[in-house]
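The structure appears right after this line, and notes come after that.
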Amino acid sequence: MKLPRELSEYLKKQKMKRIIPCALMQVLIALVLILWGNTIVRTDVLPFKIAVFVLMLLVPFLVTGVPFKVLQKPWRGEIIKVDIQDGVAFTSDRDKDRPHGTLTIVLTVQADDGKIVIKEIGAGTYTKVWWEPVANTKADHIVDRYQVGDRVFQLGKQYPIIVLPKPEDQHCQCAVCGRTNAIENETCEECGHTLIK
Ligand SMILES: [Zn+2]
């Protein structure tokens, strides 16, 4: 799918912000290993030494999320099912009598490339009171945000899944920060990025 130019440039920049630090860290770790590798890992067991070196060289990938966060692509699709899962989370022993309910929205989406995608969205927590039925204690307006038949869009894993506006809608959501904007806005009032409509 074609993104507004400004957004694809932004995504490119975000990717470089991960790739460059990752590459620099690799070089640094490699240098340290070349110069002081034998002092850091004092062993004559070669396979063990190699294993430690490889693990150390993997650290930059873990820290920066390369390549997984860099390879993700924007996608679009249509919601075919919405499930609300109600869970219980204890935050501490003291809270055992007042458990926190957690709501998770599970979206089943038919992506435009034909794939069926399942997406889980945390919709917040609330204090669960045992005498109150769960149906009356919805935590957040987010629960009503997604409806079957809605067209949804996401820039990548760390971005919100937004509902694309229908012709009659007065609002649209920003694909970068999630902020709700007036439909006539071209750019987001919060972060300034181009709105996708
Ligand atoms: Zn925004």
Count of residues meeting criterion [small (Gly, Ala, Ser) and either at pLDDT below 75 or surrounded by 15 or more Cβ atoms within 10 Å (Cβ to Cβ) (or both)] in the stretch 94-150: 5
Pairs where the first residue, in the stretch 155-176, is at negative phi and the second is basic (Lys, Arg) and part of a loop (DSSP other than H, G, I, E, B), C-beta under 6 Å, 6+ apart: Pro165/Lys197; Cys172/Lys197
Val63 exposed (fewer than 14 other Cβ atoms within 10 Å of the Cβ), touching a Ser or Thr at 6+ places or on another chain (Cβ under 8 Å), touching a residue at least 40 places away in the same chain (Cβ under 8 Å) and closer than 30 Å to Cys177 by Cα: no
Residues located in the stretch 142-197, provided they are away from the ligand (no atom under 11 Å from the Cβ), over 19 Å from Ile105 (Cβ atoms) and acidic (Asp, Glu): Glu168, Asp169, Glu184, Glu186
Out of Gly192, Gly178, sole residue that is at pLDDT below 95 and either part of a loop (DSSP other than H, G, I, E, B) or over 15 Å from Leu3 (Cα atoms) (or both): Gly178
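The values are calculated or read from the model by the stated rules, or taken from the named source; none is laboratory data. Being a predicted model, the structure only gives us computed values, none of them experimental. All Cβ positions, glycine included, derive from the backbone under ideal geometry; neighbour counts span all protein chains shown.
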